[in-house]
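Reading through the C-alpha cells given below for one structure.
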Amino acid sequence: MARLTILRYPDPRLHKIAAPVAAVDDKIRRLADDMVETMMAADGVGLAATQVDVHLRLIVMDASETRDHPIVLINPEIIARSEEMRVAEEGCLSVPQIYDQVERHARVTVRALDRAGETFEMEAEGLAAICVQHEMDHLVGKVFVEYLSSLKRDRIRTKMLKKTREEQRG
Ligand code: K2U
Ligand code: ZN
C-alpha cells in the first residue's frame, strides 16, 4: 500500500475528465487500496482518482460512523436522485481548511462495479449522499468551490496558491 499525493486546487489537472475503467484488474485494485490508505491518512470521507492525478472513473469513500467500512466504486453512475435537496457544509482534500455550504440532492442511488468487478447498487442519504455527489463531481473535473460565488472562489484560489508557495519554500 502507498500514500498518494493529493492535487491541490487550483491545479488544472483537477479539471480533467476521467475515463471509464476498462477492466477491474489487480492494477485497479491496488490503486483503490492506495486511495483508501490516502483517504484515511487525510481523515477524508471520500477520494476520487482525479485527486491523485489518475483520470479514471474510480472513487473510494467511507461515511460510516466508525470509519472502518471503505467502499470502492468503479465506473459509478447516479441512477436516481431525490427531489428533496439539502444544504450542508462541505470541504475537500484538494482545498484544505476551506469549508462552505453546498446544496445537493438529499438522497441518491448509485450503480457501480466493486473491487471484484461485480455490479452493485447503493442507496445513499446524509453524509454518504453528499460524499457520492462530491466525488462524482471530481470525476467530471468539478471542484466544490465552483458552487460558490466568484468572489469566494477567487479568495480561495489566492489562499491555496499562497499556501502551496509557502510549502514549496519550506
Ligand atoms: O473529495 C474529497 O476531497 C473528500 C471530501 C469528501 C466530502 C466532502 C463533503 C462532504 C463529505 C465528503 C473530504 O471527506 S473533506 C472532509 C469533510 C467531510 C465532511 C464534511 C466536510 C469535510
Ligand atoms: Zn473533494
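What follows draws every value from the coordinates through simple rules; no lab data is involved. All of these numbers come straight from a predicted model, not from anything done at the bench. Here the Cβ is made from the backbone with ideal geometry for all residues, glycine too, and neighbour counts use every protein chain on show.
Backbone phi angles across the range 95-112, fed through the Karplus curve with coefficients 6.51, -1.76 and 1.60 (θ = phi - 60°), yield HN-Hα couplings of 9, x, 6, 10, 9, 7, 7, 9, 8, 9, 5, 5, 9, 9, 10, 10, 10, 7 Hz in residue order; Gly and Pro are listed as x.
Only DSSP H runs of four or more residues enter the estimate; each adds -39500 (n - 2.57), and after division by the residues of the chain the mean residue ellipticity at 222 nm equals -10000 deg cm²/dmol.
If R0 is taken as 30 Å, the Cβ-Cβ distance between THR164 and TYR99 corresponds to a FRET efficiency of 0.95.
Listed by number, the DSSP H helices of the chain that run 15 Å or longer by alpha-carbon position along their axis and have mean Kyte hydropathy of at least 0.0 are 126-139. Rounded to the nearest 20 debye, the dipole size of the chain about its Cα centre is 960 debye, using +1 on the Cβ of Lys and Arg and -1 on the Cβ of Asp and Glu.
Residues whose amide H lies under 5 Å from that of ARG107, counting only those 5 or more places away or on a different chain, are SER82; hydrogens are built 1.01 Å from N in the peptide plane. Counting only DSSP beta bridges whose two residues both lie in the range 1-126, roughly 95 percent are antiparallel.
Along the chain, the longest continuous region that contains none of the GluC sites (Glu not before Pro) in a DSSP loop with at most 12 other C-beta atoms within 10 Å is 1-64. Each residue of the range 46-58 is assigned a 3J(HN,Hα), and the resulting list reads x, 7, 9, 4, 3, 5, 10, 6, 10, 9, 10, 7, 9 Hz, derived from the Karplus form 6.51 cos²θ - 1.76 cosθ + 1.60 (θ = phi - 60°), x at Gly and Pro.
Placing pseudo-labels 7 Å out from each Cα toward the beta carbon at ALA23 and ASP68 gives an inter-label distance of 3.6 nm.
Grab the Cα-Cα distance for ARG81 and HIS15, subtract it from 0.36 nm times how many residues apart they are, and report the gain in nm with one decimal. Before the final figure, lay out the partial values.
Details: separation 66, 0.36 × 66 = 23.76 nm, distance 2.40 nm.
Full extension of this stretch gives 21.4 nm more.
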